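Only one structure is covered here, and it is reproduced in the block below.
The values are calculated or read from the model by the stated rules, or taken from the named source; none is laboratory data. Since the model is a prediction, treat every value here as computed from it, not as a measurement. Cβ atoms come from the backbone with ideal geometry, glycine included; neighbour counts cover every protein chain shown.
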Amino acid sequence: MSKIMTVDILSSIKGAKPSESVNKLFDVIKNANNNATNVNYNNVVSLDDLREDVVIESSLTEKEIIKENFPKEKDGFLVVAKVIED
């Protein structure tokens, strides 16, 4: 099933126009070799090398400093400001 998707459909940018460089990028991705023969294992981390997750309790002073930087709180949780708009 080959369906051509235009830039305005693929992105959330209203009024996006077709771009030759974007089309070339999609062609490269589409034609990429999916074989694992040339995998560079230098960029791979073994699960055995990961540390165990450990909860480290913060002092009351540290908790207060954190709360001062998050002035909004809702239902016991810190509220993070929205940084990306639709």
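Condition check ((1) of a type in the set (S, T, Y); (2) modelled with pLDDT under 80; (3) loosely packed, with under 10 Cβ neighbours inside 10 Å) across all residues:
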{"residue": "T6", "(1), (2), (3)": "yes, yes, no"}
{"residue": "F26", "(1), (2), (3)": "no, yes, no"}
{"residue": "N33", "(1), (2), (3)": "no, yes, yes"}
{"residue": "V55", "(1), (2), (3)": "no, no, yes"}
{"residue": "E62", "(1), (2), (3)": "no, no, no"}
{"residue": "F70", "(1), (2), (3)": "no, yes, no"}
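Is there any pair linking a residue in the stretch 66-83 that is part of a helix (DSSP H, G or I) to one that is surrounded by 10 or more Cβ atoms within 10 Å (Cβ to Cβ), with Cβ under 8 Å and at least six apart or on different chains, and which?
Pairs that qualify, where the first residue is part of a helix (DSSP H, G or I) and the partner is surrounded by 10 or more Cβ atoms within 10 Å (Cβ to Cβ), are I66/S58; I66/L78; K67/E73; K67/L78.
Among the residues of the stretch 55-65, write down those that are part of a loop (DSSP other than H, G, I, E, B) and of a type in the set (D, E).
If we filter the stretch 55-65 for residues that are part of a loop (DSSP other than H, G, I, E, B), which is where we start, we get 55-59.
If the condition is that a residue be part of a loop (DSSP other than H, G, I, E, B) and of a type in the set (D, E), then E57 is the only one that fits.
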